[in-house]
Amino acid sequence: MSKSASRARLADIIRKRSFGRGEITLASGRKSDFYFNLKPTMLDPEGAALLAELSLDALKDDQVDYIGGLEMGAVPIAGAIAQLSWLKGHPIAAFFVRKKPKEHGARLAVEGLAKGESLAGKRIVIVEDVTTTGGSAIKAVDAVKDSGGEVVLVFTMIDRDEGATEAFSEAGIPFRALYKAGEFLKS
């Protein structure tokens, strides 16, 4: 399937499985009359494959060592991208950042790294399912920076176009999106 056909097919899956209308309160606290719950797309076999394929293609020139983000939204995406990157011969390891470190065990904020493995000095892409203001991704960025990693990009599946671009620009962090919310609002 061509890149444009894959993109169109994924948009159809998102529209069917993950997009809705009706008043909702977003993670940012804002009210909205539309929403994206990307989990049904991320956990659908075809949806997961297309998200990974299109994301990996979008990141091919970024020389990424690790990909990850804040639980829960980033976990399925990062895992799918890591798997596909291995199959394509250019492995990118995945991790995730806990919203709050566990109060038992290793008490880690960053999970998924093997003993002795570190993000220090590595090029990191933070992924998100849906981005509104960028606040959730900034939490992941901060955890990666605290671990010594270099965040080279925040990459989201859907940008709601409600302030994230400006927030990341002010923070000096490149930001890109696979889709903009407006692509789903016009249909």
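The values are calculated or read from the model by the stated rules, or taken from the named source; none is laboratory data. Everything quoted here is computed from the prediction, not taken from an experiment. Cβ atoms come from the backbone with ideal geometry, glycine included; neighbour counts cover every protein chain shown. Just the protein is used for accessible areas: all its heavy atoms, side chains included, with ligands, DNA and RNA removed. Shrake-Rupley method; radii C 1.70, N 1.55, O 1.52, S 1.80 Å.
Yes/no matrix, rows are residues, columns are (1) touching a Ser or Thr at 6+ places or on another chain (Cβ under 7 Å); (2) without any contact (Cβ under 8 Å) to a residue 40 or more places away in the chain:
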site: ALA114; (1), (2): no, yes
site: ARG123; (1), (2): no, no
site: ILE138; (1), (2): no, yes
site: VAL144; (1), (2): no, no
site: ARG160; (1), (2): yes, no
Looking for something over 20 Å from ARG176 (Cβ atoms), open to solvent by less than 40 Å² (accessible area, probe 1.4 Å), under 18 Å from the mean Cα position of the chain (by Cα) and of a type in the set (Val, Ile, Thr) - is there at least one such residue anywhere in region 40-47?
no
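Yes/no per residue for (1) within 18 Å of the chain's Cα centre (by Cα); (2) open to solvent by less than 50 Å² (accessible area, probe 1.4 Å):
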position: LYS115; (1), (2): no, no
position: ASP146; (1), (2): no, no
position: GLY149; (1), (2): yes, yes
position: ILE158; (1), (2): yes, yes
position: ALA164; (1), (2): yes, yes
position: LYS180; (1), (2): yes, no
position: LYS186; (1), (2): no, no
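Quick check, is GLY22 part of a strand (DSSP E or B) and either surrounded by fewer than 17 Cβ atoms within 10 Å (Cβ to Cβ) or acidic (Asp, Glu) (or both)?
On the way: part of a strand (DSSP E or B): yes; either surrounded by fewer than 17 Cβ atoms within 10 Å (Cβ to Cβ) or acidic (Asp, Glu) (or both): yes.
Judged against the criteria, GLY22 is a match.
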Going through region 83-97 one residue at a time, which ones are assigned to a helix (DSSP H, G or I) and surrounded by 13 or more Cβ atoms within 10 Å (Cβ to Cβ)?
GLN83, LEU84, SER85
Which number in (1) surrounded by fewer than 13 Cβ atoms within 10 Å (Cβ to Cβ); (2) not in a loop (DSSP other than H, G, I, E, B) marks the one condition that LEU10 misses?
(1)
